[in-house]
Amino acid sequence: MKTALLVGCNYPNTPYKLKGCINDVHAMRDVILKRFNFDPQHVELITDEPGSPKMPTRANIMAGLAEMVKEAKEGDVLLFHFSGHGVEADMKPGRKDDAIVPCDLNLIYDVDIRHLIQQLPKETSFTIVSDSCHSGGLIDKEKEQIGPHKGIAPSVDAQKRGISLESIHQGLQTAANVINAASDVLGTTVAFGTTGLDIVSNIGHLLTGIFRDNVSLKFRPSQEPRSLTEDEGILLSGCQADELSLDLEPGDKTQGKAYGAFTYSLQKIINETHGALTNKQLVMNVRDEITSLGFHEQHPCLYCSDKNAGTAFLATIPTPLAFPMINELVPKKKAVLVGCNYPKTPYNLKGCINDVENIRRLIMKRFNFDRHFIKVLTDNYIPGSCAMPTGIKIKAALYEMVKTARPGDVLFFYFSGHGTAVPVLKPGQPLRLDEAIVPCDFNLITDVDFRDLVNQLPERVNFTILSDSCHSGGLIDKEKEQIGPNTLRKGEKSPECITRGKSIEFPVIHDIIDLVSDAAHQATNIAEQFFGFFGRDIVSLKFNHEAAKQKGLLGLQPHEDKGILVSGCEAYETSFDVVLDGNSYGAFTDAVVKVSMGGYVKISNKDLVTKARDILKQNGFDQTPCLYCSNADLDADFLGEVA
């Protein structure tokens, strides 16, 4: 059975009120009902919203937790989610303890959680998700799997979910004064002896005076339970123990509602992920999402055993889960997304990394790609980016994707950056220009490299390349041209929002390599020049004839029914950047996103390119997207599985 207690405290009509905690609880309830098959009858909500039948006092929260633990049986899954204020206290010299703050300020400490966990049957999963400040120590002694990280100050407006001991002391003292005043009227006496004590002891005395025995075990040392063993309990904290958990203010992203940044990111990751997530994967992805929101000094943490770190979040049976091994025979969708802005160079672009983020969101939301099978390489860090987009890194990512492909898989390579045309001159043959994309280190990847990749694919694998770069129309050499050259009428002007074309002339690249390579000065041809600079790290088989010969690629053509190229322009055209609402994007990428999100249940490769053409033409771009593929792939679904 799966059971949950979800608690949200906004502390209305107090100096420390919050806005997003009740929204957090309702969002979390939706997630566990829809994604994790919790029964609504076994999910209890306790909030301090108006009209709530049960207020989130310490007594009510602890009673709910105790009931959940009491009814638990071997194999059950228990979840406790708390959104509200947290507090950190120096209980003993050199030791800080963490607590969550119920609406009545009667603190719940780590020791209280520990006491509950120790009553659970074996093989029972108990997960705590705490979106509060100083929450990293709520399960004392648990092994830290994902821990502290230091960043820079937050760049966004946010409300902190932390409350000082002084504020709690003041609130309790006010309550004690009210009780004393009432006692005088009734002729009774209540003792609140606090004179001369430190603030923590004062709080303990005030709590005991107000709530009697219903206070934390932290203030009853004689009853403090043993420490937890490593395999007891799982804590996903909204921040590390010495950090603050922040509220996300209402905005477009949140449909006008306030949420905790941690809870918002948690439910967003879960909703966008198809398939299971381990506890460790979930927290790492939530960290990235929070950073992308502008919260650079809030780092969610995971505290649990090694076994539970590799267990699926809210799994029924806590067995280790190696995510890449799940459903190994089930077709997968995998992607490599590359964006090069070439910062601090004369060839810098502005929109390519924005393009990658747009495409990543698109393929997850519209085409059901799982973020764990999306590899991102950009030359300026964004959440999820795993490496710089050098030639060798891009090619390694592509070969890994192809190497692990199985029949039925859908593979997608997206590139936004500069393209170039490589001159090929052979004795007795006319000059030929071959297409290449330009990584951030100028270690070119050419059409012959894509030919090598395509020829290694198993049967029934959809491999789609979408390139928003100049000279990209020939990246899959010899593929049948289904939608080809078709320029705008002469005299039509491109819009003023164009910034620059995504092209670097090959002589410029030649000169760059020449400048930085001594060996290149002695080179007698282009291939020797590239080899002189990159040596064994030279990426393109275009310039490594010996490797190409060993692979049998010289003169080899790709199979016509393998590989789909959707190019941003015809082979000798220019692909443009465009500025929209102050942000730069690839004009072609922007058109693809608009078409894909246009409400179609499915869209074919042909329709995608045709409609993207129409959008570019309507906006005055002298840029013609093209489609190169087999007849069978022409009308196949874009990023769809092979029939």
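The values are calculated or read from the model by the stated rules, or taken from the named source; none is laboratory data. Everything numeric in this text was worked out from a predicted model, so none of it was measured. Ideal geometry is used to build each Cβ from the backbone, glycine not excepted, and the neighbour counts take in all protein chains shown.
Worth a mention:
- Condition met for residue 268 (within 10 Å of the chain's Cα centre (by Cα) and basic (Lys, Arg)): yes
- Here no strands (runs of 3 or more DSSP E) wholly within the range 565-629 include at least 3 residues being among the charged types (D, E, K, R).
- Filtered residue count, the range 447-466, keeping only those that are outside any helix (DSSP H, G or I), touching a Gly at 6+ places or on another chain (Cβ under 7 Å) and modelled with pLDDT under 90: 1
- First in the range 287-307 and in a helix (DSSP H, G or I), second anywhere and of a type in the set (A, V, I, L, M, F, W, C), Cβ under 8 Å, 6 or more apart: 287/146; 289/269; 290/261; 290/262; 292/382
- Condition met for residue 466 (touching a strand residue (DSSP E or B) at 6+ places or on another chain (Cβ under 6 Å), in the same structural domain as residue 397 (by the TED database) and of a type outside the set (Val, Ile, Thr)): yes
- Residue list for the range 31-63, restricted to those being of a type in the set (S, T, N, Q), closer than 26 Å to residue 110 by Cα and not in a strand (DSSP E or B): 57, 60
- Residue 639 vs. criteria surrounded by 20 or more Cβ atoms within 10 Å (Cβ to Cβ) and part of a strand (DSSP E or B): no
- Restricting 123, 67, 88, 74 to residues that are among the acidic types (Asp, Glu), within 23 Å of residue 238 (Cα to Cα) and surrounded by fewer than 24 Cβ atoms within 10 Å (Cβ to Cβ) narrows the list to 88.
- Scanning the range 560-605 for residues that are modelled with pLDDT of 85 or more, hydrophobic (A, V, I, L, M, F, W, C) and crowded, with 24+ Cβ neighbours inside 10 Å turns up 564, 565, 566, 587, 588, 591, 592.
- Cβ-Cβ contacts under 6 Å between residues 6 or more apart (or on different chains), taken from a first residue in the range 603-629 that is closer than 19 Å to residue 465 by Cβ to a second residue that is of a type in the set (Lys, Arg), are listed as 625/613.
- Residue within the range 60-80 that is in contact with a strand residue (DSSP E or B) (Cβ under 9 Å, 6 or more places away or on another chain), assigned by the TED database to the domain that holds residue 279, farther than 24 Å from residue 15 by Cα and modelled with pLDDT under 90 present: yes
- Scanning the range 111-123 for residues that are touching a helix residue (DSSP H, G or I) at 6+ places or on another chain (Cβ under 9 Å) and either free of Cβ contacts under 8 Å to residues at least 60 places away in the same chain or among the basic types (Lys, Arg) (or both) yields 114, 116, 119.
- Matching residues, the range 310-341, being among the small types (Gly, Ala, Ser) and either surrounded by fewer than 21 Cβ atoms within 10 Å (Cβ to Cβ) or modelled with pLDDT under 90 (or both): 310, 312, 315, 322
- Taking the criterion of being surrounded by fewer than 19 Cβ atoms within 10 Å (Cβ to Cβ), more than 23 Å from residue 587 (Cβ to Cβ) and of a type in the set (Phe, Trp, Tyr), the residues of the range 356-401 that qualify are 381, 399.
- The range 220-257, subset out of contact with any helix residue (DSSP H, G or I) (no Cβ under 9 Å at 6 or more places or on another chain) and at pLDDT below 60, residue surrounded by the fewest Cβ atoms within 10 Å (Cβ to Cβ): 222
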